[in-house]
Structures are given as C-alpha cells and as structure tokens.
Amino acid sequence: MTTSLERSDEVVRDGGLATWAPSITPPIGVDLAGRQELACSFRLLAATGFSENIAGHITWAPSDDGSMWVNPWGLWWDEVKASDLCRVDADGHVIEGVWDVTPAIHIHTELHRRRPDARVVVHNHPYHVSVLAAAGVLPEIVHQTGSMFDGDLKFVHEYSGEVDSAELAIALAEQIGDSSTVILASHGVIVTGPTIREATYRAASIDRVCRLAYDLLVMGREPLPIAAGIRVGMKKSLLERGTDVFWAGAVRKLLRTDPDVLL
Ligand SMILES: [Zn+2]
C-alpha cells in the first residue's frame, strides 16, 4: 500500500527553458559594468548573512589573460564599492587598484588556473554551512531549492589552517576537482560559476540549503525523499530560468538602499 508520504523513484520531470521560457522579465533598470556587478554580488551576499565579518573573497576572471578582480583586504563585504575592487595577475600580485589583497587569494588563483569554466569563485564562512563543515557532513537535499546542487556538492576533509601559499592552494584545487560547490572541513564553502549572477545565486542559496538540512537533523526526522528524476528537472528550472530573475530582483532591491555600490 502506498501512503501519501511515499514517492516514486520513477518520476521524471524535464524542467528548464525547454519546458517554459518567459516572454519578458522585469529588468534591473540600469546597465551595469562588470566591476559594478561584482560589487553588487558582495553586498547581496553580505545581506543574506553569507559573509563572516572580515572573511571571504570573490574573484571574477573576465578574460583569458589570467588576471582577476577581487575584493581588497580590510573592507567588509557590505561596504565594497566598484572602485574598491583590485585586479591581480594569475599569481595574485596586485596590478590595478589602491588596496592590498589577502594571501588567501591563492585559493582563487589556483582554482581559476585549473578550472577555466569557473569564471567566478566565491568563498566565505556562512553560519549553517560552517555548522555542517564542523560536523563533517554534506547537506542532504530536503527541499526543492536544494536540487540546484544536485550532483554538484563535494566535501573536502583536508584542513591545514590558512591557505596562504600557492602550494597549499594547488593541493586544494586538486581536491575540489570539477565540483561547483565544495564544503571545506572546519572552515566554509567555495562556490563557482560561469557568471557573476549564477555564482551569486548558488552562493545565496547554499546556506539556506544547509540550514534546512540541519533543522531536519535537529528534529530527528528523516526527510521525505525527492526523486532523482524530479531533482534533475528542478535543477534546470532553477539555474536556467531562475538565475536572471534572481539577479535582477536582488540588484533592484539592493540599489534602492545601497546606490553607492556602483561608485
Ligand atoms: Zn575562509
């Protein structure tokens, strides 16, 4: 007998733009340069609790010359402006900008070097990710939004303190491999993406995914299963259709309160 709480593993849903594409979507209302998009990403993620005061970095490598834009050492994410961003070369040396950058930049330089698909690399220590990172577990996908990470999550167990040299970062990049979202033991998370908007959407979602999984663990309840065939279609819908409207809405909201982010 099948109860209402049981679900079939045989269900398959396609999802994504092939299933439905909007004829029009509400725009941001202003054209943003790449550095302005990156500055918006810092503020948006800070507003969701993704950043831990002075910690964390986002890099954006817009071209194939090996250089990348990054936040400077010493500014909190919620105060970054477009003009504060620094450009570093492939080895992490500052080549543009008025500030210095952290030696942990190597986490990013070595991942960009290994992963040309990852134009954007986001790293910080959001609270609920950090709880699971301390427990040594990946979040179970217990809600449809978690389908965004279906097949992409990886846990890296090695922890050797601050990653402040290219040598340590090369070893980390090798462990990360092709994963788009990696939880680092006793530390935090690394999220990658092909664009600022997609990496920001993933990063803005991962802490909530971890919080839901954590709360289910605390409840002591087994989550209802979400069939693999449903997760696949939901992932396409979230990333193919959701990314642009997430970004536009988040930036519209940000610019109402933080117009200085574009300066
Ligand atoms: Zn860190």
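Assorted remarks:
- Note that segment 29-43 has calculated 3J(HN,Hα) couplings of x, 8, 7, 10, 6, x, 5, 5, 4, 5, 4, 4, 4, 4, 5 Hz, one per residue in order, obtained from phi through the Karplus relation 6.51 cos²θ - 1.76 cosθ + 1.60 (θ = phi - 60°); glycine and proline are x.
- The lysines within cross-link reach of LYS154, meaning a Cα-to-Cα straight distance under 17 Å and a gap of 8 or more places when in the same chain, are LYS235.
- The Stokes-Einstein estimate for segment 45-143, based on a Kirkwood radius over Cα pairs and taken at 25 °C with 0.890 mPa s viscosity, is a diffusion coefficient of 170 µm²/s.
- With N the number of residues in segment 11-72, Rg(Cα) / (2.2 N^0.38 Å) evaluates to 1.60.
- Label point 7 Å beyond Cα of ALA33 along Cβ direction - residues of segment 56-85 with amide nitrogen under 15 Å: 62, 69-70, 81-85
- Cα centroid separation, segment 11-49 to segment 57-105 (Å): 23
- Rounded D (µm²/s) - segment 34-257, Kirkwood Rh over Cα pairs, Stokes-Einstein at 25 °C, 0.890 mPa s: 139
- In straight-distance terms, cross-link reach from LYS236 covers every one of the aspartates and glutamates whose alpha-carbon lies under 17 Å from its own, apart from those fewer than eight places away in the same chain; here that gives ASP14, ASP150, ASP152, GLU198, ASP244.
- Estimated from the Cβ-Cβ distance and a Förster radius of 45 angstrom, the FRET efficiency linking ASP152 and VAL98 is about 0.80.
- Distance between modelled label sites at GLU162 and THR25, nm, 7 Å Cα→Cβ extension: 4.0
- Bridging of LYS81 to lysines at a Cα separation below 25 Å is possible for LYS253, once same-chain residues fewer than 8 apart are set aside.
- Going by neighbour counts of Cβ atoms within 10 Å, the residues TYR159, TYR127, TYR201 line up, fewest first, as TYR159, TYR127, TYR201.
- Within segment 230-263, backbone nitrogen closer than 19 Å to the virtual label 7 Å beyond the Cα of ASP78 toward Cβ: 250-263
- The order of ASP258, ASP89, going from fewest to most other C-beta atoms within 10 Å of their C-beta, is ASP89, ASP258.
- The chain - percent relative contact order, Cα under 8 Å, separation 6 or more: 29
- Over segment 158-263, the fraction of Cα-Cα pairs per 5 Å bin, rounded to whole percents and listed from the shortest bin up, is 2, 9, 13, 17, 18, 16, 13, 9, 2, 0.
- 12 Å beta-carbon shell around GLN36, net charge (K/R +1, D/E -1): -2
Computed from the coordinates by the stated procedures, all read-outs in this text should not be read as laboratory data. Everything numeric in this text was worked out from a predicted model, so none of it was measured. Cβ coordinates were reconstructed from backbone atoms using ideal geometry, including for glycine residues, and neighbour counts include every protein chain displayed.
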